[in-house]
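See below for the structure under consideration.
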Amino acid sequence: AGPCDIYSSGGTPCVAAHSTTRALYSAYNGALYQVKRGSDGKTTDIAPLSAGGVANAAAQDDFCANTTCLITIIYDQSGRGNHLRQAPPGGFKGPESNGYDNLASATGAPVTIGGQKAYGVFMSPGTGYSNNAASGIATGDAAEGMYAVLDGTHYNGACCFDYGNAEVSSRDTGNGHMEAIYFGDCTAWGSGSGSGPWIMADLENGLFSGRGARQNTGDPSISYRFVTAAVKGKTNQWAIRGGNAASGSLSTYYSGARPSGGYNPMSKEGAIILGIGGDNSNGAQGTFYEGVMTSGYPSDATENAVQADIVAAQYAVTSLTSGPALPIGTSISLRATTSCCTTRYLAHNSSNTLVTVDGISSSSSSTLKQQATWVVRAGLGNSGCVSFEAWDAPGRYIRHYNFALVLAATDGSKQFREDATFCPQAGLGGGDGGGGPGSVVSIRSWNFPTRYLRHYDNVGYVASNGGVHTFDAAGSFNDDVSWVVGAGFA
Ligand code: AHR
Ligand code: AHR
């Protein structure tokens, strides 16, 4: 039985069931999600390998070969049509030109489930999905439950990485108009013990870790790579539960009365959000693998059985990289492959901007040779990827800032480490740029995996394929993000 079969048996059926990684009913063999590729704008649906099984990641890999892919729809498996799509503007606008939020990369969150590859939904700041016309989701003070499986190491302190019940208008319509799982280390409202991240409940105008509006030390900091987060609520009663999605059982972090001040009774509206706050606040980041919402307040026993099913599914990490090896500690050069620019190399200049410089060779000045030489380091923000330290400026790394690449000194912040982390993969471009088979790499931003290290007008950026910035232009995108890896010059 899958999670939703278990909820049905418990008398609290799923009214929404979302996952890009697996079927959540043992009999489900329909579409899990839709991806759209950059090369021709075509879409395809990804289904499980078999009824009740893991997503067919190979079908995505084939469809998305040599181009970029975005997750356009996360289908509802419950049969109610409560699909999640690109979230519209609300109280806050998203970064797309029409005020919509960004869509997630289809390849930012690879995992294995029972040894089979699948992709989660890696959501950068600005990314959001919703359904403002959902059916069967709790309204008013009606009872509901929900859980989500998330990446416990991907979070931030911005508002609000949520999954659950929110306003139908994407606007803040007042306390008690939401009931959603929150995950992250935002301290603007509530917090738990330690420094976070925490599972909390977003009840609108407040992230709650317990009954009181501020700190509740019964809500622990989470350090699991895969975390099961659960929130449920009914008349004057709600609970937060959580645990390691890869082993063991759920613990109850809070169970008791509703907070005061407009949260009892609740005024739930019955829309569904993922990755954003109720008012389309979209500064948060996180990774979603699967989640459901139920009708009725699930018993702890039902949730415990769902947790056992999640553990039995065996979520595990897999490689974030592919393509030519970039061994940690080696010195490399990166040569452009676009036909304009095949004699240009990625270098920093004296103003710490990343540029491509023409015609660097052994007879170039030692300053120039050093500026075009990069020492590969373990990724500062995720050791499954890499960071690039300047050969001539130890402690200074390539990072992005406003999506432009700059050379900057470590400042000790998590933001710096994440902005300086890049995941190499086999080159997206068609040719090898004269570098020989297997020499071409494309370098994905870890925290914005829709974005790749690109030269545009000979300046370096992290660019998305056809995004809103000039440097996101779709023309020559694949070539501009494909680089021949060579030995360092210095
Ligand atoms: O409750 C926290 C946040 O406050 C909600 O997600 C958002 O709608 C409001 O800004
Ligand atoms: O970076 C050099 C060129 O600038 C890129 O190939 C092109 O996209 C832009 O015109």
Fill in: Charge tally in the Cβ shell below 11 Å around residue 296, where Lys, Arg are +1 and Asp, Glu are -1, residue 296 excluded
+1
Discussion item. I'd like the orientation of helix 300-313 relative to the chain: the angle between its Cα long axis and the longest Cα principal axis, in ° from 0 to 90, rounded to 10.
Written reply: 30 degrees
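Going by C-beta contacts inside 10 Å, put 400, 154, 469, 18 in order with the fewest on the left. Before the final figure, lay out the partial values.
Numbers: 400 23, 154 26, 469 15, 18 29.
With the fewest neighbours first, 400, 154, 469, 18 line up as 469, 400, 154, 18.
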Item to complete: Report, in whole Å, the centroid distance computed from the Cα atoms of region 34-51 and region 195-268.
Response: 35 Å
Discussion item. How would region 335-490 be classified by its alpha-carbon gyration tensor: rounded, prolate or oblate, with rounded meaning a/c under 1.5 and the a/b versus b/c comparison settling the rest?
Written reply: rounded
Worksheet, complete the sentence: Cα-only Rg/Rh for region 1-74 with Kirkwood Rh rounds to 1.08
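Looking at region 66-152, what % of the alpha carbon pairs are farther apart than 14 Å? Don't skip to the answer; put the middle values down first.
Details: 2724 of 3741 pairs.
Summing the P(r) of region 66-152 above 14 Å gives 73 percent of all pairs.
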Worksheet item: For region 409-451, what is the per residue volume of the convex hull drawn over the alpha-carbon atoms, in cubic angstrom?
Response: 80 Å³
Worksheet, complete the sentence: Cα extents of region 119-250 along the principal axes, largest first, in whole Å, come to 35, 34, 28
Worksheet item: Taking the Cα atoms of region 185-270 alone, what are Rg (to one decimal) and Dmax (as a whole number) in Å?
Response: 12.6, 37
Worksheet item: What order, most packed first, do the peptides 41-50, 361-370, 166-175 have when packing is the mean number of other Cβ atoms within 10 Å of each residue?
Response: 166-175, 41-50, 361-370
Item to complete: Going by C-beta contacts inside 10 Å, put 7, 155 in order with the fewest on the left.
Response: 155, 7
Worksheet, complete the sentence: As a percent rounded to 5, the proportion of antiparallel DSSP bridges among beta bridges in region 79-220 is 90 percent
Discussion item. For the ranges 221-233, 405-417, what's the packing order if you count other beta-carbon atoms within 10 Å of each residue, average per peptide, and put the highest first?
Written reply: 221-233, 405-417
Discussion item. Could you work out [θ]222 nm for the chain from helices alone, using -39500 (n - 2.57) per DSSP H run of at least four and dividing by all its residues? Round to the nearest 500 deg cm²/dmol.
Written reply: -2500 deg cm²/dmol
Fill in: Cα convex hull volume per residue for the chain (Å³)
126 Å³
Fill in: Lysine pair count for the chain [Cα-Cα under 27 Å; pairs on different chains or 8 or more apart]
8
Discussion item. For q values of 0.11, 0.18, 0.19 Å⁻¹, compute log₁₀ I(q)/I(0) with the Debye formula on a Cα-only model of region 200-335, without solvent.
Written reply: -0.52, -1.15, -1.26
Item to complete: Only Lys, Arg, Asp and Glu count, each charged at its Cβ (+1, +1, -1, -1), so figure out the dipole size of region 231-361 about its Cα centre, rounded to 20 debye.
Response: 140 debye
Worksheet item: Convex hull over the alpha-carbon atoms of region 1-136: what's its volume per residue in Å³?
Response: 116 Å³
Worksheet item: When the distances between all Cα atoms of region 258-384 are binned every 5 Å from zero, what whole-number percent does each bin get?
Response: 2, 7, 9, 10, 12, 10, 9, 7, 7, 6, 7, 7, 4, 2, 0, 0
Worksheet item: Which value does Rg/Rh take for region 309-411 over its C-alpha atoms, Rh per Kirkwood?
Response: 1.09
Discussion item. Restricting the calculation to Cα positions, tell me the Rg (one decimal) and the Dmax (whole number) of region 101-193 in Å.
Written reply: 15.0, 45
Item to complete: Could you give me the percent of Cα pairs per 10 Å distance bin for region 157-198, shortest bin first, beginning at zero and ending with the bin that holds the maximum distance?
Response: 28, 50, 21, 2
Fill in: Ranked packing of 197-207, 75-85, most packed first, by mean Cβ within 10 Å
197-207, 75-85
Item to complete: Calculate, for residue 223 and residue 1, the FRET efficiency according to 1/(1 + (r/R0)^6) with r their C-beta to C-beta distance and R0 35 Å; round to the nearest 0.05.
Response: 0.75
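We did not get these values from a lab; they are worked out from the coordinates using the rules stated. Keep in mind it's a predicted model, so treat the numbers as computed, not measured. Positions of Cβ are generated from backbone atoms using ideal geometry, with glycine treated the same way; all protein chains shown enter the neighbour counts.
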